[in-house]
Amino acid sequence: MRYAMAIDTKKCVGCGDCVVACQTENNVPHGYCRDWIVENVAGSYPNVEIELRSERCNHCDNSPCVRCCPTGASHIIEGGIVKVTHSECIGCGACIQACPYDARYSHPDGYVDKCTFCDHRLEKGQGTACVEVCPTNCLYFGDLEDPNSDVSKALKNRKWKVLAPEAGTKPQLYFLT
Amino acid sequence: MKEELFVSGRNIPNIDPFLNIWHWQIPLYLYLGGLAAGIMFFAGYFTIMRKEKEMETTVKWAPFLVPIALVLGLIALFLDLKHQLYFWRLYTTIRFESPMSWGAWTLMLVTPLSMVWAASYIKELIPKWDWKFGFLNQAEALAIKHRKQMAWAMMLLAVVLGVYTGILLSAFNARPLWNTSVLGILFLTSGLSTGLAATMWMSKSKYERKVLSRLDLIMIGIELFLIIHMLMGFLAASEVQIEAAQLFLGGEFTVVFWVFVIILGLVFPAVLEILELKGFHVPVWIPALLILIGGLVFRFVMVEAGQITRFLY
Amino acid sequence: MRILSIHIFTYIDIYFMKTRRDFIKISALGTVGAAMATGVVSMAKGSSLPGSHEGSGSVFNGQNRYPTYCEVCFWKCAGWTYTDNKGKILKIIGNNNDPHCNGRLCPRGTGGIGMYYDEDRLKTPLIREKKNGKPYFRKASWDEALDLVAKNLKKIADEHGPECVALFNHGSGGKFFGTFLKAFGSPNITAPSFAQCRGPRETAWIATYGEGVGSPEPTDIRDTNCLVLIGTHIGENMHNGQVQEMSQAIDKGATIITVDPRLSTAASKSKYWLPIKPSTDLALLMAWIHVAIYEDIYNKEYVEKYAYGFDELKEHVKDMTPEWAYGITTIKPAVIRKTAREMANAAPAVIIHPGRHVTWYGDDTQRIRAVAILNALFGSWGNRGGFYLKESLHLPYPKTPPNPKPTKTWRDAYPGQFKLASMALSSGICDATIPTADRACNFKGWIVSGTNLPLTLPNQANTVEAMSNLEFMVVIDTMPMEVTGYADVVLPECTYLERYDLIRTSPHREPYLALRMPAVEPKYDSKPSWWIAKTLAEKMGLGDYFPYDDITDLLDWQLKQVGSSLEEMQRIGVKKFDRESGGLYFQKGEDVKFNTATGKIELFSNDLAAEGFDPFPVYTQHPGPPEGFYRLIYGRAPMHTFSRTANNHNLWDLKQENSVWINPKVADLWDLKKDQYIWLKNQDGIVSAHPIKVRVTERIRWDSIYMVHGFGHSNKKLTRANGRGANDSELITNVVIDPVMGGTGMRGNFVTFLKEKPEGEVAS
Ligand SMILES: Nc1nc2c(c(=O)[nH]1)N[C@H]1C(S)=C(S)[C@@H](COP(=O)(O)OP(=O)(O)OC[C@H]3O[C@@H](n4cnc5c(=O)[nH]c(N)nc54)[C@H](O)[C@@H]3O)O[C@H]1N2
Ligand SMILES: Nc1nc2c(c(=O)[nH]1)N[C@H]1C(S)=C(S)[C@@H](COP(=O)(O)OP(=O)(O)OC[C@H]3O[C@@H](n4cnc5c(=O)[nH]c(N)nc54)[C@H](O)[C@@H]3O)O[C@H]1N2
Ligand code: SF4
Ligand code: SF4
Ligand code: SF4
Ligand code: SF4
Ligand code: SF4
Ligand SMILES: [Mo]
């Protein structure tokens, strides 16, 4: 099993609902976030294009954050989800330095926190909070190894890219372009 | 025009708009580690070379600084942890892929070793010293007997420690400025240089100072070479690394880097040392202090600037 | 034959022309109604319904959930409020069975939780006092505050007549105050959602189709082949159902054509973006009509069957060629033709969206008329992929005494004007509050519920002047917004998560009901509107108009009339009913009688002609920016609603302030840098009270600047929002009134940049 997410930049309107939903679902403290929206503008008026991307931890296949963790707090679970065990984390910040996507943050309680792909919801057979809330339905989640999963289907017929592939982390967030 | 922005108003403390998760503690820790490594290395070296007499400060007195520096460094490291109550988790596992982990373990070995080394000379420093307990006297005797072996261990561990201070940063590919293999050797050299400077300052012997000064000049030479090599490397690499190098070549850190690290921290003290070797009278503390400060500033600059550099946004 | 009057807008003003003596008489009559109503109540009592949330709601996945519908904007999505076992609100999630949201709230709805938790909320009733000449608010009990309100309203009624009290409302609670005010004897109930929002659209639609568009708009976007957005920035305008359906349309490959001087989010997703010169849309619309007719690509069958005045229209647009429009709009003739053909190809599954906030340049009714005509030419109204025929369920209301007949209305302040306004004008009542020698009606008292007038009405100074002329003003709000600062009495309402309201009956493809019930007890000393209005009414002897002890009695009774019950709704939240008015679209060849003078879709408007207005839209030029000034255009950010969410912590996290969008060329000219704070000064010398951050972006034209409405709060009690960003309302001092229906055209204002805070010049 290999969980992944695809984000349709052609449909995303950058509303931030995925961000608020994550905050309330995962009790993310005010001022912090596990996902965020980037707007990229190119061209000059009136030949302008924008790309809107909902970003979060890429749950990298080759995850430097896990490798650099001195305690093993950062680890990988079933489906390739990269997680942090709060009670093992010393808050050294190494994993934050290691992430090319700046996807991790230091929780005010001391430990490092980030997107979990809502594994607590997956366990119950629910989708992730951000995917389930997105009003444009532009987020697709599922098992890459299952050709019938939403994410596999989304990737099949569309062009996509990943962010900072040159960082060599094999990210698992796919942006449909 | 190109424009990229967070439309969800991301402004996470210490992460946005640029990373600043490591504050003064980490560069200080790296600096003290390097300094300790420098002192230990030469203490070990001259012991093996049987130069205890001529190089008394190097072998006997300067090493008293090592445990102090290491303990201060460890305190700094501890202060930087955000989840301090869980500090002990560092020592429940060894993770070879994590420099943080093997650094912690290296310190676990180095610190006691440096203490034993210093302890073995304490009676020479304070003749009235009394260990109070018999077994301690025995231990001291044992240590004195195995100085040679300890010297080898110290040299080896000093190299590991010195390199570690650089690798701790260079392991992070995600920070383009740190993403260079030069950093390990560069920080080792810089550590050796600061170790020499500290020793030089303490030493009363003209001969010893001359030897140290010569060694230091070599270190400074290597350092300058490595720095240029590093910058050239960046300029020949990817866009993010070119941007990283720009921080020192016109960007935000240009003045601190060139004035405090390169000129005041390396070139000027080198000139002073050459003058001294040529027979001019230069108070030894001036180049020593400049090198010590230069090394410290260098660590701060590398840690701060490195955090600013990123792959995205 | 189908009579469309079932769909007719419910908000048509009825004027009562009776004396105040009647008022007393009818009051006495009230007891009859009260007796009947008591019967109702005791009937409901038998079911022993809980007065608060305790024991109701349901458990879902280990958490308690309570049905609600969202109050963060007026789309009213139904959802569930989740609480843990300690009664702490955790999250709000959309109701899967609700067609307004399909289980997915928008960011504001998801973040609605922040309204409940806001520590700056109004906590107790407040009464204005003076100490050493300085006004301040004193905390008061509900009893004392409502007594004071009753006393002052009575005084105004005695001295000037009850009609001199007006209600400004926006949102659910306003209904109860409306009931109160009508019982009190005033018909002057207004909402800024008319003259500052969709008024021109409703008027234009009624003139053309005999009915308004209404909310939610019955646009069949999910099944459309071509969606045309003229300034309507869906995706930033986050009205949920439309955003969802637009995304579905993108998936299905529908053609989207967006007309906007700014690269809106919708424009960035469109096949065609027409970067029009602001204020010239009517020319483009007329050219499209020209192409549709003269290229013979309009829907002949539909027009022949349903439309009136085609030949005159054809003659009218004869010279309104794309080449003519090009000179005005800067949109190339080839593009105008091509896009018109795209619409024709898709017809009748094409939507030329009527927009919503359409009070732009003062000729807005006419502009939307052109939109209505274009839709008629392509036959989209009543057709799949165009506009569906909406339906809602009417809930019976227990009988109450008849309302006293007022002797005058706000219309008396505008003799001969705005006859086609189907609702009262907020701006009109505001203006009529400022006394002038020749005015027939002055307002002396305002009840303001759920609308932040200083940020909502254009020309802030004017609004402030009106308020300072009042004898009495009571504000019912949840937050210490600007408007509360002018009140004599402030009444804290609890948030929608802490209260019952009336059942949502808004129309959709099928009729649906939705329940809002409290998930938790009201925080602090706040109360729901129904309770406030009812208690006030009782204090004034008007209790008979609220024929229930607890709102749950009323809701249960109403629901039982249509075969549901409060208990059922508490479990399911949303209930769907069968359509009764026929199919979702016109049948092929179906005879339809439209509710217009001719019974047809009036391309030629008899209503307008009768009032002396152009029966067909005519383009007129609007002034452009003077040298060194830029047109101020504004809109929405998807994560905020007007000014109401600026202090909401969850949404504030996403966007703390607005910025002023400036084209890079303009920024260069003025040497403005990204993120620099500047002040804006308008053509009348008004300077923004707060500085605003510069966003240098290619998404905006060089003759305009753009900012999101709703920021720049000045009330210091709003600890997060205060002083963040600038407020567009204070810069909108040039207001062009739509002669047809009194809408306030707000986009004829121009600003320039000040890099330093101007001393003494600052308007506050
Ligand atoms: N400059 C400018 N002016 C505009 C617009 C614009 O874009 N620019 N837009 C126009 C449009 S389209 C519209 S519809 C209007 C909207 O105008 P308003 O409806 O006045 O908009 P808000 O600023 O959101 O003010 C809502 C008020 O209701 C309060 N409130 C929120 N929830 C509750 C509640 O549950 N109970 C009570 N009692 N009060 C509550 C809020 O605290 C706030 O004071 O503004 C119009 N005015
Ligand atoms: N997130 C969010 N969504 C909302 C609301 C909210 O407060 N927040 N409010 C809701 C309400 S009540 C309303 S009424 C609607 C309003 O939503 P819309 O009807 O979509 O809004 P407008 O304010 O008319 O449109 C703003 C757009 O018009 C463009 N524009 C400006 N001048 C011109 C012009 O001359 N010609 C053309 N073609 N375009 C122009 C601007 O660039 C901007 O993109 O939004 C609703 N949805
Ligand atoms: S909720 Fe969906 S549309 Fe909104 S920003 Fe997130 S991904 Fe984009
Ligand atoms: S995105 Fe960052 S935090 Fe997530 S797995 Fe990759 S490196 Fe680790
Ligand atoms: S901060 Fe925590 S999770 Fe991150 S590397 Fe350190 S111990 Fe591991
Ligand atoms: S998957 Fe879950 S944790 Fe990750 S961003 Fe989405 S809601 Fe947040
Ligand atoms: S569109 Fe958003 S804010 Fe409006 S009612 Fe629906 S969820 Fe609430
Ligand atoms: Mo509106």
Burial ranking of peptide ranges C:187-198, C:465-476 (average Cβ count within 10 Å, highest at the top): C:187-198, C:465-476
For residues of A:103-113, the mean tally of beta carbons on other chains within 10 Å: 3
Taking all pairs of distinct alpha-carbon atoms in the protein assembly as shown, Kirkwood radius in angstrom: 34.5
Residues of type lysines that C:LYS182 reaches as a straight line, Cα spacing below 18 Å, ignoring anything fewer than 8 places off in the same chain: C:LYS18, C:LYS25, C:LYS151, C:LYS154, C:LYS155, C:LYS399, C:LYS405, C:LYS408, C:LYS444, C:LYS534, C:LYS539
Debye log10 I(q)/I(0) at q = 0.13, 0.19 Å⁻¹ for region C:149-195, Cα point scatterers: -0.29, -0.58
Accessible-area value, A:PHE141, 1.4 Å probe, nucleic acids and ligands omitted, Å²: 30
Average Cα contact separation per residue, region B:25-308, under 8 Å, 6 or more apart, as relative contact order %: 23
Within region A:118-157, GluC sites (Glu not before Pro) in DSSP loop having at most 16 other beta-carbon neighbours inside 10 Å: A:GLU123, A:GLU145
Region B:64-108: equivalent-ellipsoid semi-axes (sqrt of 5 x gyration tensor eigenvalues, Cα, Å): 19, 14, 8
Estimated Rh, chain A: Kirkwood, alpha-carbon pairs, angstrom: 16.7
Relative contact order (%) - criterion: Cα under 8 Å, at least six apart; region: chain A: 32
Heavy-atom accessible area per residue - region C:497-591, 1.4 Å, Å²: 34
Cα-Cα pairs of region C:612-678 separated by more than 16 Å (percent): 67
Mean shadow area of region C:538-641 over all directions, Cα convex hull, nm²: 16.9
All lysines inside 17 Å of B:LYS204 as judged from Cα atoms, apart from same-chain residues fewer than 8 positions distant: B:LYS51, B:LYS53, B:LYS60
Residue-wise HN-Hα coupling along region C:94-103, computed from phi with Karplus coefficients 6.51, -1.76, 1.60 (Hz; x: Gly, Pro): x, 8, 4, 8, 9, x, 6, 9, 6, x
In degrees, nearest ten, helix B:285-308 long axis to first principal axis of chain B (Cα): 40
Between helix A:17-26 and chain A: long-axis angle, C-alpha atoms, 0 to 90°, nearest 10: 20
For the protein assembly as shown, share of DSSP beta bridges that run antiparallel, in % to the nearest 5: 60
Number of partner chain Cβ atoms within 10 Å, mean per residue of A:48-57: 4
Chain pair A, B: total accessible area buried, heavy atoms, 1.4 Å probe, Å²: 3800
In Å², nearest 10: area of A:TRP160 left accessible to a 1.4 Å probe: 120
Between 0 and 90°, nearest 10: helix B:65-80 axis offset from chain B longest Cα axis: 30
Cut-off 11 Å, label 7 Å out along Cα→Cβ of A:HIS75, residues of region A:118-138 by amide N: none
Number of partner chain Cβ atoms within 10 Å, mean per residue of C:651-661: 4
Cα centroid separation - region B:118-184 against region B:215-238, whole Å: 26
Solvent-accessible heavy-atom area per residue, rounded to whole Å², over chain B at 1.4 Å: 44
Only Lys, Arg (+1) and Asp, Glu (-1) charged, at Cβ; the protein assembly as shown dipole about Cα centre in debye: 2160
Measure of compaction for chain C (Cα Rg per 2.2 N^0.38 Å): 0.93
Partner lysines for A:LYS170 [C-alpha distance under 26 Å; skip if fewer than 8 residues away on the same chain]: A:LYS10, A:LYS11, A:LYS83, A:LYS114, A:LYS153, A:LYS156, A:LYS159, A:LYS161
For region C:621-764, fraction of C-alpha pairs farther apart than 21 Å, in %: 42
HN-Hα J in Hz across region B:83-89 - Karplus 6.51, -1.76, 1.60, θ = phi - 60°, x for Gly and Pro: 10, 4, 4, 9, 3, 4, 4
Equivalent ellipsoid semi-axes, region C:297-442, via Cα gyration tensor eigenvalues times 5, rooted, Å: 39, 24, 14
Region C:630-754, accessible area per residue, ligands and nucleic acids excluded (1.4 Å, Å²): 28
Accessible area buried between chains C and A, both sides summed, probe 1.4 Å, in Å² to nearest 100: 3000
3J(HN,Hα) from dihedral phi, region B:150-166, Karplus parametrisation 6.51/-1.76/1.60, rounded to Hz, x for glycine, proline: 4, 4, 4, 4, 5, 4, 4, 5, 5, 5, 4, 4, x, 5, 4, 4, x
Centroid-to-centroid separation of region C:693-757 and region C:350-391 [C-alpha atoms, Å]: 27
Chain C: calculated mean residue ellipticity at 222 nm from DSSP helix runs of at least 4, using -39500 (n - 2.57): -8500 deg cm²/dmol
For peptides C:203-216, B:36-49, sequence by mean Cβ density within 10 Å, most packed first: B:36-49, C:203-216
For chain B, convex hull of alpha carbons as volume per residue, Å³: 149
Members of region B:282-313 that become less accessible by 10 Å² or more once partner protein chains are added (1.4 angstrom probe, chain alone as reference): B:ARG310, B:PHE311, B:LEU312, B:TYR313
Region C:630-754, relative contact order in percent, only Cα pairs under 8 angstrom and at least six apart counted: 34
Percent accessible area from carbon and sulfur atoms, region B:25-308, protein chains only, probe 1.4 Å: 72
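The values are calculated or read from the model by the stated rules, or taken from the named source; none is laboratory data. Being a predicted model, the structure only gives us computed values, none of them experimental. Positions of Cβ are backbone-derived with ideal geometry, glycine not excepted, and every protein chain shown enters the neighbour counts. What goes into the accessible areas is simple: the full protein's heavy atoms, side chains included, and nothing from ligands, DNA or RNA. Shrake-Rupley method; radii C 1.70, N 1.55, O 1.52, S 1.80 Å.
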